[in-house]
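Data first, discussion second: the structure below is written as structure tokens.
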Amino acid sequence: MKRVEILSQRRLVDAFFKLDEAELRHERTDGSMSAPMRRLNLERGNGVAALVYHPQRAQLIFVRQFRYPTYLHSGPGWLVELPAGMVDRDEDPTDTMRREISEETGYRLRDLERVAQFYLSPGGSSEQIYLYYAEIDPDYPRDTGGGIAEEQEDIELVELSLSEAWRMLDAGEFADAKTIIALQWMRARQSEDTP
């Protein structure tokens, strides 16, 4: 493993999100040490997301909600994406995922399968996403869902057939990376199951 030397480190922002600045050097590919450099890390904790499938209806369950950062860059503001949330300190990501699916969609899960764990933007943030595939339990009636009012969540349920989800994916209508990754995973998995 290559060497890294942290020369100094300080917190620039300490709020819901934390922003740290470090001066560091690291071992280069030729074995020498780099010149000192300044790097930033946005610390926002880790998140979970799940591609949720309703087996009786053969539909995928998404949510649509307002995302301020996308609105800032001439984006839609409102995104269709996977149910997702932030992992609380000392909480198991699978427990977080079950809670978030219930809060956002109103569904209970029958199965939860881990698909991947990855960094969303490793050049600027330490956030990792735990990505799951989930099947709802059709034996339980759907609760209200729609998010948590105290957190000012306003979440709309979006239910799509597989063919409609593939059409939207191919047309570039999904703008959220974790959603695109999950759909590509499912499509590849379906291709593997086809003789």
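Neighbour counting of Cβ atoms within 10 Å sorts the residues Leu79, Leu51, Leu183, fewest neighbours leading, into Leu79, Leu183, Leu51.
The protection proxy used here, the mean number of other Cβ atoms lying within 10 Å of each residue, ranks peptides 65-71, 2-8 as follows, highest first: 65-71, 2-8.
Each helix, a run of at least 4 DSSP H residues, gives -39500 (n - 2.57); summed and divided by the residues of the chain, these come to -7000 deg cm²/dmol at 222 nm.
Give me the percent relative contact order of the range 4-43, please, defined on Cα pairs under 8 angstrom at least 6 residues apart. Relative CO of the range 4-43 lands at 38 percent.
Across the chain, Cα pairs under 8 Å and at least six residues apart give a relative contact order of 21 percent. Relative to the longest principal axis of the Cα atoms of the chain, the long axis of helix 177-193 lies at roughly 60 degrees.
Once each part is reduced to its C-alpha centroid, what is the distance from the range 91-139 to the range 29-43 in angstrom? So the separation of the two Cα centres works out to 32 Å. Contact order for the range 56-96, expressed relative to its length and based on alpha carbon pairs under 8 Å spaced 6+ residues apart, stands at 32 percent. Among His26, His54, a tally of other beta-carbon atoms within 10 Å of each Cβ gives an order, fewest to most, of His26, His54.
Once the Cα-Cα distance is subtracted from the 0.36 nm per residue extended length, the Ile180 to Asp30 segment shows a gain of 50.3 nm. Modelled spin labels at Leu12 and Ser163, positioned 7 Å past Cα toward Cβ, are 5.0 nm from each other.
Which entry in (1) 0.95; (2) 1.00; (3) 1.04 matches Rg/Rh (Cα atoms, Kirkwood Rh) derived from the coordinates of this structure? Calculated Rg/Rh (Cα atoms, Kirkwood Rh): the matching label is (3).
Placing +1 on each Lys and Arg Cβ and -1 on each Asp and Glu Cβ, with no other charges, gives the chain a dipole about its Cα centre of roughly 820 debye.
FYI, it's all coordinate maths here, none of it is from the lab. The model shown is predicted, which means the values in this text are computed figures rather than measured ones. Counting neighbours? That spans all protein chains shown, and the Cβs are built from the backbone with ideal geometry, glycine included.
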